[in-house]
Amino acid sequence: MYLNSTPASKKGRVLVAMSGGVDSSVAAAVLKEQGYDVIGVTMQVWDYSASHCTIDEGNGTCCSSLDVEDARSVADRLEIPFYVINCEDKFKSTVIDNFVSSYLKGETPIPCVNCNTFLKFDHLIQKMHELQCDYLATGHYARIEDGRIITSEDSLKDQTYFLFTLKPEIVNRLMFPIGGWQKSDLRAYAEKIGLTVARKKDSTGICFIGKTGYAGFIESQVPREQLKAGVIRLLQTNEIIGQHNGIHNFTIGQRKGFGVAVGRPIYVVKIDTESGTVWMGDEEHLYSSTLEIRDLNWLDQVRDQEVLRVKIRYAHRGADAEIRKISGGEKDERWQLSFVEKQRAVTVGQAAVFYRGSQLVGGGWIARTETPVT
């Protein structure tokens, strides 16, 4: 199956978000082939020429100046209009600032979700209206059937995890043209129609993180006095086994990079943001059976105490959990998840995303997990 199932009678004008990669390029090509009036747009979100930037453009990045030129080249090849819009300020305020503040609070954020929420499916929705387009299309590996978002045909590439914040009212204005493709077929198609990006390497990691890594990037963004230093303690004995220069260096489940050894594998199991203490423990201390979710967004109705498949990180295969509303009204509700089987390294700041079969039904942010006993 190559094409997403959009009826031939529903032609119109489509704004396609083009990153300069092969996925969004093929999305644009497929829609043009299907007879849609296609307009390409690229968001410039990060200044790769800035003095603090340590990223080599074109090496697994996205939205760099080289990627912009690749997107422009594809638009020229497809003979479609093409625009570049500067989104650096909005990207800084909604993605970068959140990323930094989350790590300083001992959380592990997902900037790609915020980029989708505030830029791709907010800012570009506005541009879609301004340019009098009927639809917004992206190169996400996801599908839309009968107004529902469902997982991609290529399970290894499925990106529905990053789409849980979508508002239900915009789903019928969205298109995911490559959701029914396998990656190998997609590249073959791109070569067949002469796209220069057919064999371009996929973007990996976080687009604004360079050679210095997460910690180095965060340190470049905030004054040193904002970094929360502290001690490293062993959970079982309360013994101080080391010092650290900031909790932003750690995430739950981390096994390496703390410069201490106790003669056996130990892992980060808890981060105390007030004292700056990082707690280390054995692998058994990483497992949780319950967690609390905030800022939920629902794409379909769910029942209290319904059992759904839940992914607690992008690469997680998903696990069955009962969901139960525990507090709040419609805008500030919190839910508790109780897993059938304990899950490893549940991390505050990551997303819990819910599925009913192959359907994406919603998700929220992990606000609290079981605390290991000290």
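The values are calculated or read from the model by the stated rules, or taken from the named source; none is laboratory data. It should be emphasised that the depicted structure is a prediction, and the values quoted were computed from it without experimental measurement. A quick note on method: Cβ atoms are made from the backbone with ideal geometry, for glycine too, and the neighbour counts reach across all protein chains shown.
Summed over the range 335-374, residues that are at negative phi, of a type outside the set (S, T, N, Q) and in a loop (DSSP other than H, G, I, E, B) total 5. How many residues, within the range 30-39, are part of a helix (DSSP H, G or I) and surrounded by 24 or more Cβ atoms within 10 Å (Cβ to Cβ)? Total meeting the criteria: 2.
So is T108 surrounded by 18 or more Cβ atoms within 10 Å (Cβ to Cβ), touching a residue at least 60 places away in the same chain (Cβ under 8 Å) and touching a strand residue (DSSP E or B) at 6+ places or on another chain (Cβ under 6 Å) or not? The answer is no for T108.
Residues in the range 308-326 that are touching a residue at least 24 places away in the same chain (Cβ under 8 Å) and surrounded by fewer than 14 Cβ atoms within 10 Å (Cβ to Cβ): 1 in all.
Filtered by the rule that a residue be of a type in the set (F, W, Y) and either in contact with a helix residue (DSSP H, G or I) (Cβ under 7 Å, 6 or more places away or on another chain) or at positive phi (or both), the range 288-312 gives no residues.
Here's a check for you: in the range 226-242, which residue that is in contact (Cβ under 8 Å) with a residue 24 or more places away in the chain and not hydrophobic (A, V, I, L, M, F, W, C) is farthest from V278 (Cα to Cα)? Top of the filtered list is Q226.
So, I366, is that one under 22 Å from the mean Cα position of the chain (by Cα) and over 14 Å from L308 (Cβ atoms) or not? Yes; evaluated as a whole, the condition is true for this residue. Can we say V269 is touching a helix residue (DSSP H, G or I) at 6+ places or on another chain (Cβ under 9 Å) and either over 30 Å from N172 (Cβ atoms) or at pLDDT 95 or above (or both)? Taking the combined requirement at face value, the residue satisfies it. Of everything in the range 187-225 that is out of contact with any Gly (no Cβ under 6 Å at 6 or more places or on another chain), hydroxyl-bearing (S, T, Y) and closer than 30 Å to E79 by Cβ, the residue that is surrounded by the most Cβ atoms within 10 Å (Cβ to Cβ) is Y189.
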